[in-house]
Amino acid sequence: MTDMPPDRLSINPNSPHYDDAILERGVGIKFDGNEKTNVDEYCVSEGWVKLTAGKAKDRFGNPMTIKLKGVVEPYFRTPEQQAAAEAE
């Protein structure tokens, strides 16, 4: 594996950008300098993230998302950060 997360990644198993091995390793996202924990998908080269919009669901039962544009900085979490994120 590389030291940098991929350019685009999704947590939806139906997406072509889903990668279970990378998600198990733990990926954190900074968007416009702020840590985001509700990211469903991101793209660094296009500069956007899709965030979960509360508990709302679409007609297929998938969470509703909001697409925001800005500076996206993905990183691999350290084991301590990963444990803290799983505890939340």
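Residues of the stretch 44-63 that are among the aromatic types (Phe, Trp, Tyr) and free of Cβ contacts under 8 Å to residues at least 24 places away in the same chain: Phe60 alone. Mind listing whichever residues of the stretch 1-34 are without any contact (Cβ under 8 Å) to a residue 24 or more places away in the chain and either exposed (fewer than 10 other Cβ atoms within 10 Å of the Cβ) or under 10 Å from the mean Cα position of the chain (by Cα) (or both)? Once the filter is applied, which keeps residues that are without any contact (Cβ under 8 Å) to a residue 24 or more places away in the chain and either exposed (fewer than 10 other Cβ atoms within 10 Å of the Cβ) or under 10 Å from the mean Cα position of the chain (by Cα) (or both), the stretch 1-34 yields Thr2, Pro13, Asn14, Pro16, Asp20, Ala21, Leu23, Glu24, Asn34. The single condition among (1) touching a residue at least 60 places away in the same chain (Cβ under 8 Å); (2) part of a strand (DSSP E or B) that Glu41 does not meet is (1). Checking Glu86, Glu41, Glu80 one by one, the residue that is under 17 Å from Pro5 (Cα atoms) and among the acidic types (Asp, Glu) is Glu41 and no other.
Note on the stretch 73-88: residues that are over 21 Å from Asp20 (Cβ atoms) and open to solvent by less than 60 Å² (accessible area, probe 1.4 Å) amount to 1. Of the residues making up the stretch 60-72, those that are at pLDDT below 95 and either exposed (fewer than 12 other Cβ atoms within 10 Å of the Cβ) or assigned to a loop (DSSP other than H, G, I, E, B) (or both) are Phe60, Gly61, Asn62.
The values are calculated or read from the model by the stated rules, or taken from the named source; none is laboratory data. The shown structure was predicted, so the numbers you read here are calculated from the model rather than taken from an experiment. Note: ideal-geometry Cβ built from the backbone for every residue, glycine included; neighbour counts use all protein chains shown. These area figures cover heavy atoms from the full protein model, side chains too; ligands, DNA and RNA do not enter into them. Shrake-Rupley method; radii C 1.70, N 1.55, O 1.52, S 1.80 Å.
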